[in-house]
Amino acid sequence: MNELIFESFPKLNTQRLLLRQITQEDDQSLLEVLSDEDTCKYLTHNAVNDIESIKRMIAGMQSFFDEKQRIRWGIAQKTDNTIVGHCGFFDIDKFNCSAEISYCLKSGSWGQGIMTEALDAMLKFGFEDYGFNRIVAKVMKGNAGSIKVLQKLGFVEEGILRESLYKNGQYHDLIVFSVLKSEYHT
Ligand SMILES: CC(C)(COP(=O)(O)OP(=O)(O)OC[C@H]1O[C@@H](n2cnc3c(N)ncnc32)[C@H](O)[C@@H]1OP(=O)(O)O)[C@@H](O)C(=O)NCCC(=O)NCCS
């Protein structure tokens, strides 16, 4: 694993997007993403409606990066540099060279291939620059758009973690997907 990637925040460029660090200046844009009920329906947390929680979240992202524990990128369109979503690695297992990903996009930007483009760049970075061997994603049953994105990127379904997420008074099944370095084509 290449720990040097934590020396300065790694920006990723794609055809239409800039994946960059989220700063406190992005608080309103991130609030717009995370206060959207549709966007949060299949996330582990509910919609976030207050700017103070968003500010704490951004500070938390920066601390996790400084402590070399997690990386989360803001997804900005190159046209205006405004954050429309985020994606990142967490549960980084340095011994086994694996991590889990999570991602979300505000509903007004769905269906334009944005997340496929963002995650493709993130996976390339994860396998080639950071040195992961295995990348995992867990999806709530019913999140067809997310499953489609993972399949397009070469993720394979491994099985179901039965009732492993408790949200809003109910247990939910999570479907586990993974992609290995040996399977990932750049
Ligand atoms: C899931 C999500 C990340 C997809 O982002 P996106 O930028 O819209 O995804 P893309 O446009 O790259 O690809 C979506 C694909 O799923 C398909 N799709 C979308 N909704 C679908 C549905 N309900 N049923 C079947 N396919 C669906 C699209 O047609 C597209 O496939 P295509 O390229 O073959 O046409 C986005 O909807 C999102 O952030 N949702 C809320 C947060 C979330 O669920 N995060 C994931 C948690 S695991």
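Rule-based calculations on the coordinates, nothing more; no lab input. These figures come from a predicted structure and were not determined experimentally. Every residue, glycine among them, receives a Cβ derived from its backbone with ideal geometry; neighbour counts consider all protein chains shown.
At an R0 of 25 angstrom, the distance between the Cβ atoms of residue 82 and residue 46 translates into a FRET efficiency of 0.60. At full extension, residue 7 and residue 156 could sit 50.4 nm farther apart than now, given 0.36 nm per residue minus the alpha carbon distance.
Per-residue Karplus couplings for the stretch 73-81, computed as 6.51 cos²θ - 1.76 cosθ + 1.60 with θ equal to phi - 60°, are listed in order as 9, x, 9, 10, 7, 4, 4, 9, 6 Hz, Gly and Pro entered as x. Across the stretch 11-183, C-alpha contacts under 8 Å between residues 6 or more apart give a mean separation that, scaled by the residue count, equals a relative contact order of 19 percent. Spin-label model, residue 109 to residue 141: label points 7 Å out along the Cα-to-beta-carbon direction sit 3.1 nm apart. Ignoring aspartates and glutamates fewer than eight residues from residue 68 along the same chain, the ones with Cα atoms less than 13 angstrom from its Cα are 3, 7, 91, 93.
Considering only the stretch 11-183, what is the antiparallel percent among its DSSP beta bridges, to the nearest 5? Beta bridges within the stretch 11-183, antiparallel portion: roughly 90 percent. The aspartates and glutamates within cross-link reach of residue 106, meaning a Cα-to-Cα straight distance under 16 Å and a gap of 8 or more places when in the same chain, are 26, 27, 32, 36, 37, 38, 80, 117. Amide H contacts of residue 21: 74, each under 5 Å away and 5 or more positions distant or on a separate chain (H built 1.01 Å from N in the peptide plane; Pro and chain starts excluded).
Sort 113-121, 73-81, 151-159 by the packing proxy (mean of other Cβ within 10 Å over each peptide's residues), most packed first.
The densest-packed peptide leads the list: 113-121, 73-81, 151-159.
Distance between the pseudo-spin-label points of residue 96 and residue 56 (7 Å out from Cα toward the beta carbon): 3.1 nm. Counting lysine pairs in the stretch 110-186 that sit 8 or more residues apart in sequence, or on different chains, and whose Cα atoms lie under 15 Å apart gives 5.
Per-residue ellipticity at 222 nm, computed for the chain from helices alone with -39500 (n - 2.57) per DSSP H run of at least four residues, works out to -7500 deg cm²/dmol.
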